[in-house]
Amino acid sequence: MAHPLSNYIRKGAQPHTHCSGCGNGIIAQSFLRTLHEIGIDRKKIVCVAGIGCSGWIPSPFFDVDTLHVTHGRPIAFATGVKLGKPDLEVVVFTGDGDASAIGGNHLIHAARRNIGVKVICVNNMIYGMTGGEVAPTTPRGIRTTTTPFGNLERPFDLSKLVIAAGGTYVARWTTYHVARLVASMKKALVRKGFAFVEVLSQCPVHYGRRIGISNPVEMMRWFQKQSVPVERAREMSEQELAGKFVVGEFVNIDAPELSQLYAELFETANRESN
Ligand SMILES: Cc1ncc(C[n+]2csc(CCOP(=O)(O)OP(=O)(O)O)c2C)c(N)n1
Ligand code: SF4
Ligand SMILES: [Mg+2]
């Protein structure tokens, strides 16, 4: 019997490039479940992927229109697609490095503009594809390829960054929280404005190995154990939250969406110039 989601996989696109146990498989399946359950016409979906292991989630596997673009630029390409074709649902798959190091400006400005692009950000706390270099999300003290004596820098909290930039839908889950992740992906897809769904994901090869948890199942147990729902986190002190992952839906508000505002402006400008 065929898998109910196999229909969403492009024929001949196998085998994939992800290491066994990588969280990217869970995120791929969660997204395809989202598409399947909301019954969206796949001709209306465009997935835009950056360079990185997470970029290989939609490309070339998902049987939808897919752009695989330069490192750090998927949100810039997605912004162009959404402004040119506002009726399409434009979904970005980006890594923590792609989104917040080289691509950090695109991320904050997309949030500020409320462009109707949906960003699925795979946060494995490291540069996975290039061999385990430090990322802006790597916690302090962690030894990576480029911080062999420990990372000195403070990490970004990506969801907080996007909230501060004006994000109108912001949620964070882990690969352990599949049902909640799918629920957030559904909300992201059906809303008009910008959405940022951060997923803490296991890279057993380059991150897990360095923190002494190279078994992917153990990494997911670690996510489970260290996760704190946002409602509970509000009552906890900074010390109590050290080393924890705050998860949940942080922001969900309506605001005018940019491609729609542009279409209205275009009509007004046309009327006034005729
Ligand atoms: C302009 C440019 N700079 C650097 C690179 C090398 N590079 C490719 S992917 C990557 C980082 C990947 O990390 P992340 O975005 O977190 O994705 P992951 O592989 O962890 O999913 C880097 C530095 C590149 N391809 N292009
Ligand atoms: S290097 Fe890490 S993030 Fe990349 S596919 Fe392997 S396990 Fe996944
Ligand atoms: Mg990464």
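FYI, it's all coordinate maths here, none of it is from the lab. Bear in mind that the values here come from a model prediction, so they are computed numbers and not experimental data. Reconstructed Cβ throughout: ideal geometry from the backbone, glycine too, with neighbour counts over all protein chains shown.
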**Item:** Residue in segment 39-84 that is surrounded by the fewest Cβ atoms within 10 Å (Cβ to Cβ), counting only those that are among the charged types (D, E, K, R) and closer than 19 Å to Ala111 by Cα
**Value:** Arg73
**Asked** Is there a residue being within 16 Å of ligand 2 (Cβ to nearest atom) and either in contact with a strand residue (DSSP E or B) (Cβ under 8 Å, 6 or more places away or on another chain) or over 19 Å from Asn7 (Cα atoms) (or both) anywhere in segment 35-44?
**Response** no
**Asked** In segment 101-133, what residues are within 16 Å of ligand 2 (Cβ to nearest atom) and under 14 Å from Asp157 (Cα atoms)?
**Response** Ala101, Cys121, Val122, Asn123, Asn124, Met125, Ile126
**Request:** Quick one: Tyr262 ticks every box in (1) over 21 Å from the mean Cα position of the chain (by Cα); (2) in contact (Cβ under 8 Å) with a residue 24 or more places away in the chain; (3) within 23 Å of Thr137 (Cβ to Cβ) except a single one, so which number is it?
**Result:** (3)
**Fill in**
Per the filter on segment 105-150, residues under 25 Å from Val170 (Cβ atoms), more than 17 Å from the chain's Cα centre (by Cα) and within 13 Å of ligand 1 (Cβ to nearest atom) are Val134
**Any pair with Cβ under 6 angstrom, 6 or more apart, that starts in segment 155-176 at a residue that is more than 21 Å from Lys192 (Cα to Cα) and in contact (Cβ under 8 Å) with a residue 24 or more places away in the chain and ends at one that is buried (at least 18 other Cβ atoms within 10 Å of the Cβ) and aromatic (Phe, Trp, Tyr)** = Thr174/Phe223; Tyr176/Phe223
**Message:** I need every pair where a residue in segment 132-149 that is within 13 Å of ligand 3 (Cβ to nearest atom) has its Cβ under 7 Å from the Cβ of a residue that is β-branched (Val, Ile, Thr) and in a strand (DSSP E or B), sequence separation at least 6 or different chains.
**Reply:** Gly132/Thr144; Glu133/Thr144; Val134/Thr144; Val134/Thr147; Thr138/Thr144
**Prompt:** Applying the selection to segment 54-85, what residues are within 17 Å of Ala195 (Cβ to Cβ) and not hydrophobic (A, V, I, L, M, F, W, C)?
**Reply:** Ser54, Pro58, Pro74, Thr79, Lys82
**Message:** Scan segment 97-112 and tell me whether some residue there is buried (at least 24 other Cβ atoms within 10 Å of the Cβ), under 20 Å from Thr17 (Cα atoms) and within 11 Å of ligand 3 (Cβ to nearest atom).
**Reply:** yes
**Complete:** Taking segment 21-59 and keeping residues part of a loop (DSSP other than H, G, I, E, B) and either without any contact (Cβ under 8 Å) to a residue 40 or more places away in the chain or not small (Gly, Ala, Ser) (or both) leaves Cys22, Gly39, Ile40, Asp41, Ile51, Ile57, Pro58, Ser59
**Request:** Go through (1) under 17 Å from the mean Cα position of the chain (by Cα); (2) within 23 Å of Ala28 (Cα to Cα); (3) outside any helix (DSSP H, G or I) one by one and return the number of the condition Gly167 breaks.
**Result:** (2)
**Message:** Restricting to segment 119-136, and then to whatever is surrounded by fewer than 24 Cβ atoms within 10 Å (Cβ to Cβ) and not hydrophobic (A, V, I, L, M, F, W, C), can you tell me which residue is nearest to Ala165 (Cα to Cα)?
**Reply:** Pro136
**Message:** Among the residues of segment 156-209, what is the count of those that are surrounded by fewer than 18 Cβ atoms within 10 Å (Cβ to Cβ) and either within 28 Å of Gly131 (Cα to Cα) or within 14 Å of ligand 1 (Cβ to nearest atom) (or both)?
**Reply:** 4
**Prompt:** Hey, any hits in segment 115-126 for a residue that's more than 19 Å from Lys187 (Cβ to Cβ) and without any contact (Cβ under 8 Å) to a residue 40 or more places away in the chain?
**Reply:** no
